[in-house]
Every structure is written in C-alpha cells, then in structure tokens.
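*Asks:* One structure, pasted below without further comment.
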Amino acid sequence: MTVVVVMGVAGVGKTTIGALLAARLGWRYQEGDALHPPANVAKMAGGTPLTDADRWPWLRAIAAVIDGWRGAGLSGVVTTSALKRAYRDIIIDGRADVRLVYLRGDKALIASRLAARRDHFMPPALLDSQFATLEEPGESEHPIVMDVAAAPEAIVAEALRRLGA
C-alpha cells in the first residue's frame, strides 16, 4: 500500500500527472482542489491568495482522504499544491507509506500554461504568490523531483520508474 502526493505550484500539471499516474497504477485518485471549501475557491477566483488559516481545513481534508485509503489498505494518488513544509507535514509527516512527487518548472513556462488554461478558479495573477509561498521539499522529505518541461507521459514514466512501480 502506497499513497503518492503530487505537489507543486498552480499550472505545473498536477491534475494531468496525478490522474495519469493513478490510471497507470490502477490506484484511487483524488484531486486535492476538489476538497477546498467553497469559500477558498471563491477567494482564489477573486484573485486573493489563501492564508494559512484558509488552508488548514483543506489540508486536514486531504490528510483524511490519505488516512482513509491507508486504513482500508488502498493505494492512491492525491494532488495538492502543498507549497510549505508545514502543509506537507499535515498530509505526509509520520506516514512512511506516503511518497512525494514534486513537479518543478520554470516560472515562464508555468505562466504560459496558466494563461492558456480555461475553466479553472485559479487566475494566473496568483502565480507570483504561489512562488513566494513555495518552500521546495528538502532531502529529508525524500521527494521525487520531476521537471515539468517534459511531456506528461514522459514525466509519468519516469515517476513510475523512480517509485519502483
């Protein structure tokens, strides 16, 4: 049983990579953004970055999904920005069977992806706040770091190789 957390700033492809990874493995999948309370979605859609206080209930909801899978002996993939170490501690810390895949990319590339995206509540104007908040995972978190400049299938294939799946 393993849970993979796919993380990174808005626009790196978490949903695409996470869904492909879960499909290739035949595991459960949870889009972390779907767990945001409506007030968080409205705030971001209005161009206001979330505060830590806004994020705590959302992060606890993600942790509850992970713990539900673990308790049932199920493997899964969940996507979430998890920008700060403190956020990752809520969803990963103390869970040895949870692996972190960090999608890292060039800000200009990600900005161009956000500008082309439609029907998403996260406006491109919040990208700067995402990068300002980002604390890249350190060695102690044992992240699998993937460059998002590659094609999604190539990213997934390499992530699977590095996960040993």
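The values are calculated or read from the model by the stated rules, or taken from the named source; none is laboratory data. Values in this document were obtained by computation on a predicted structure and should not be read as measured data. Cβ placement follows ideal geometry from the backbone for every residue including glycine, while neighbour counts extend to all protein chains displayed.
*Asks:* Please go through region 28-47 and give me each residue that is without any contact (Cβ under 8 Å) to a residue 40 or more places away in the chain, over 14 Å from R60 (Cα atoms) and in a loop (DSSP other than H, G, I, E, B), ordered by number.
*Replies:* Listed by number, the list holds a single entry, G46.
*Asks:* Let me ask you something else. Out of the residues in region 1-27 that are part of a helix (DSSP H, G or I) and of a type in the set (S, T, N, Q), which is nearest to D128 (Cα to Cα)? Working first, answer last.
*Replies:* To start, the set of residues in region 1-27 that are part of a helix (DSSP H, G or I) comprises 14-25.
Still in the running and of a type in the set (S, T, N, Q): 15-16.
Values: T15: 20, T16: 22 Å.
Within region 1-27, the match that is nearest to D128 (Cα to Cα) is T15.
*Asks:* Quick one: G18 ticks every box in (1) more than 15 Å from the chain's Cα centre (by Cα); (2) small (G, A, S); (3) closer than 24 Å to L163 by Cα except a single one, so which number is it?
*Replies:* (1)
*Asks:* Among the residues of region 98-128, write down those that are within 23 Å of V4 (Cα to Cα) and either at pLDDT 95 or above or assigned to a helix (DSSP H, G or I) (or both).
*Replies:* Residues satisfying the conditions are V98, R99, L100, V101, Y102, L103, R104, I110.
*Asks:* Can you tell me how many residues within region 2-33 are among the aliphatic types (A, V, I, L, M) and at pLDDT below 95?
*Replies:* Initial filter on region 2-33 (among the aliphatic types (A, V, I, L, M)): 3-7, 9-10, 12, 17, 19-23, 25.
From what's left, at pLDDT below 95: 9-10, 12.
So the answer is 3.
*Asks:* Residue check, S81 against (1) buried (at least 17 other Cβ atoms within 10 Å of the Cβ); (2) over 13 Å from the mean Cα position of the chain (by Cα), all met but one. Which one?
*Replies:* Here S81 clears every test but (2).
*Asks:* Still on this model: Applying the selection to region 1-51, what residues are surrounded by 19 or more Cβ atoms within 10 Å (Cβ to Cβ), among the β-branched types (V, I, T) and more than 17 Å from I92 (Cβ to Cβ)?
*Replies:* Result: V9, V12, I17.
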